Amino acid sequence: MTSTLDSLIDREKNTFFRGAASSEYEQKILHADPLPSWYAVHVKSRHESVAAGGLQEKRIEAFLPVVKKTNQWKDRKKLIEYPLFPGYLFVRVIPSPDRFLAVLKTRGVLTFISLEPGIPTAVTSDEILALQILMKSGREINIYPHLKEGTPVRIKSGPLRNAEGILGTREHEHFFQVNISILGRSVGITLSADEIEPI
């Protein structure tokens, strides 16, 4: 998909940002919040770990959620890590042209996820924090397409304490659901009613 960001990458090969910023994109980025924000990045198929490693080598904070699944062969079983969101990972950078470009020039990275063409869309820190808490919990995690949002809740005890999300139901069970809005996905775990409280 052609975007302003893609064209900027091509321009960088010759004279990227050597002159004054003039495009609407450049003006928006130059006037953005100088504090680091989280962004979702689309990467090549099966290149999630490669891209995450390349970003970390550049000292760019990257978050690649993974889940462990058991693979069964004829003679053995092996626990394998798989990306929770295949083809995607998250980066935390200051919203500036040079930092975006550094991400895009990393091996395996394709583009930022954007709601407005050419302008990377930030992911809220609350969504990332809740997802990180879920990943550290060791609980079985399932992925759901976006479901109708229910009651906002907070987990009040255990390793997931203080994680905020949405209470949902599936097959007569309650589950705690964290929405990652920009990806149109949710991750959830099954909980008992006494583990949560309304916000």
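Annotations
- Checked against a 32 Å cut-off, the cross-linked pairs 44/78; 44/156; 68/105; 44/77; 68/156 give Cα-Cα distances beyond that limit for 44/156.
- Taking the fewest neighbouring Cβ atoms within 10 Å as the starting point, the ordered list for 100, 85 is 85, 100.
Every read-out reported here was derived from the displayed coordinates using simple, explicitly stated rules and does not represent laboratory data. Since this is a predicted model, take the numbers as computed values, not measurements. In this analysis, Cβ positions are derived from the backbone assuming ideal geometry, glycine residues included, and neighbour counts consider all displayed protein chains.
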